Amino acid sequence: MRMFRNLKIIVFLVLLIGVFVALNFTGFAKNIKNFFYSFSAPVQKTFWQVGKNTSDFLGGILEINTIKKELDFLRAENQELLSEIVVLKELKKENETLREGLNMELQKDFKLEIVQVIGKDISQDSLLIDKGQKEGIVKGMPVITSQKVLLGRIGEVYDDFSEVILISNKQSSFDAKISDKEVFGVVRGKGNQELYLDLIPKEKEIAKGDLVITTALGGIFPQALLVGEVKDVKKTDIEPFQTAEIEPQFDLKNLDYLFIITDF
Amino acid sequence: MARKIIFCFVFFYLLVLIQTSFLVYFRVWGMVPDLVLIAVVLISLFSSNQLWGVSSALIGGFYLDVFSSSVIGFFGFYTLILLLFSIITRIILQKYVRIPFFKRI
């Protein structure tokens with residue numbers, strides 16, 4: 001009985017193997033698969049979608065710590081990159097100023113030191129720059145822009161910083177002349193970025209638009225630095241001298257990098 | 001018995017679909033749990049009727065052949081493997097093992 005049963009199992013297995021071999025060799029197995037796929041596809045698609053959504057949801061919960069850490073890391077990296085951008089922008093600006101200075105051939109005429117403006121006290125007509133005694137800055141050194149426009153001179157000198165007294169400062173006065181004319185005078189600051197040319201002999205002719213430049217007289221500034229442009233001329237019969245209001249040629253708002261003339 | 005076989009067809013169909021689509025997203029060490037194999041093993045172990053175990057192996061194996069690509073590219077591979085497994089399990093259980101705590105279905 002047992003033998004008969006075992007025989008039955010063996011026959012069944014052999015038959016089954018035969019069927020499968022036939023299915024594989026005739027290619028009918030592909031038809032069977034195709035038949036099942038055709039009606040299972042929508043169900044499988046639904047399962048796929050559900051599985052994906054569930055996995056995304058669970059993955060989000062499980063990886064929340066990793067995501068948080070990554071977010072912190074990215075934030076820190078972003079900050080670092082931002083500060084790097086700021087440094088690069090500053091370097092670009094400095095480079096541009098230096099190029100401008102080179103184009104003006106400033107270095108041929110003077111020994112220069114490039115400085116950056118770090119503070120502006122407009123009401124007092126003074127600036128604060130980032131170099132001081134340690135860099136060899138000395139009180140009285142002339143300060144110019146890259147366009148060879150006179151800005152002022154060094155006032156107080158600290159170890160790492162210096163104060164620039166603008167030519168429009170009330171304490172400031174120096175000898176100047178009208179460009180292309182033999183008209184001399186003294187430029188005095190009025191405060192609030194205003195200045196005027198004083199002590200101009202009455203008989204000398206000056207006109208609006210004339211350029212005022214420095215002279216070597218007094219030895220405060222080198223000669224031929226641009227001071228400003230004559231805006232208005234005041235002449236009265238009572239006064240022995242005439243005066244002229246001068247429009248400064250520098251723009252305080254756009255001053256970032258300046259040059260100190262260390263030797264002239 | 002016919003009802004059991006119909007149940008087997010539906011049950012294993014659902015299992016194989018879940019295994020090949022839903023569970024793909026929940027791999028454990030890169031592997032998808034083989035629900036069909038687990039079900040066939042459990043049925044073979046705990047069913048009182050040998051036909052019940054054999055039919056579950058045949059149906060489960062057939063669905064695995066249809067819905068998953070065979071290791072050797074032979075259609076019927078899983079059916080034969082599961083069938084052999086079911087028969088051998090049955091023989092071993094009958095001859096050498098007793099499971100007193102479980103009541104066979």
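Read the figures in this text as sums done on the coordinates, not as results from a lab. What you see is a predicted model, and the numbers here were worked out from it, not measured in a lab. Note: ideal-geometry Cβ built from the backbone for every residue, glycine included; neighbour counts use all protein chains shown.
At-a-glance table
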read-out: Spacing of the two label points (7 Å from each Cα toward its C-beta) at A:SER179 and A:LYS92, in nm; value: 3.1
read-out: Sorted by Cβ neighbour density within 10 Å, fewest at the top, the residues A:GLU77, A:GLU156; value: A:GLU77, A:GLU156
read-out: All Cα pairs of segment A:92-185, percent lying beyond 15 Å; value: 64
read-out: Whole-number D in µm² s⁻¹ for segment A:110-263, Kirkwood Cα-pair radius fed into Stokes-Einstein, 4 °C, 1.567 mPa s; value: 83
read-out: Largest-first ellipsoid semi-axes for segment A:153-192, taking √(5λ) over the Cα gyration tensor eigenvalues, angstrom; value: 27, 12, 7
read-out: The protein assembly as shown - Debye-derived log10 I(q)/I(0), Cα point model, q = 0.08, 0.11, 0.15 Å⁻¹; value: -0.59, -0.87, -1.20
read-out: Least to most buried among A:SER126, B:SER44 (fewest other Cβ within 10 Å first); value: A:SER126, B:SER44
read-out: Nitroxide proxy distance, nm - points 7 Å out along Cα→Cβ at A:PHE25 and A:GLN133; value: 10.6
read-out: DSSP H segments from chain A that extend 30 Å or more along their own axis, Cα-based, with Kyte-Doolittle mean of -0.5 or above; value: A:2-26, A:28-62
read-out: Proximal aspartates and glutamates to A:LYS235, defined as alpha-carbon separation beneath 19 angstrom and excluding residues fewer than eight positions away on the same chain; value: A:GLU182, A:GLU194, A:ASP198, A:GLU203, A:GLU205, A:ASP210, A:GLU245, A:GLU247
read-out: Burial ordering of A:LEU195, B:LEU15, fewest other beta-carbon atoms within 10 Å first; value: B:LEU15, A:LEU195
read-out: Projected label distance in nm at A:ILE114 and A:PHE264, using a 7 Å step from Cα toward the beta-carbon; value: 2.0
read-out: Spatially proximal aspartates and glutamates relative to A:LYS69 (Cα-Cα < 17 Å; intrachain offsets below 8 disregarded); value: A:GLU77, A:GLU80
read-out: Relative contact order of chain A, pairs being alpha-carbon contacts under 8 Å that are 6 or more residues apart, as %; value: 15
read-out: Table column - 3J(HN,Hα) (Hz), segment A:195-200, Karplus curve with 6.51, -1.76, 1.60, x for Gly and Pro; value: 8, 9, 9, 10, 6, 8
read-out: Set of lysines near A:LYS134 by C-alpha distance (under 29 Å), chain-local residues within fewer than 8 positions excluded; value: A:LYS89, A:LYS92, A:LYS93, A:LYS108, A:LYS111, A:LYS120, A:LYS148, A:LYS170, A:LYS253
read-out: Relative packing of peptides B:55-63, A:237-245 - highest average C-beta neighbours within 10 Å first; value: B:55-63, A:237-245
read-out: For peptides B:19-28, A:143-152, A:36-45, sequence by mean Cβ density within 10 Å, most packed first; value: A:143-152, B:19-28, A:36-45
read-out: Centroid-to-centroid separation of segment B:1-16 and segment A:45-77 [C-alpha atoms, Å]; value: 36
read-out: Relative contact order for chain B, counting Cα pairs under 8 Å that sit 6 or more residues apart, in percent; value: 28
read-out: Residue-by-residue Karplus 3J(HN,Hα) for segment A:140-155, coefficients 6.51, -1.76, 1.60, Hz, glycine and proline x; value: x, 5, x, 10, 10, 9, 5, 8, 6, 9, 6, 10, x, 9, 6, x
read-out: Label point at A:ILE220 placed 7 Å out along Cα→Cβ; residues across segment A:111-138 whose backbone nitrogen lies under 18 Å; value: A:124-127, A:138
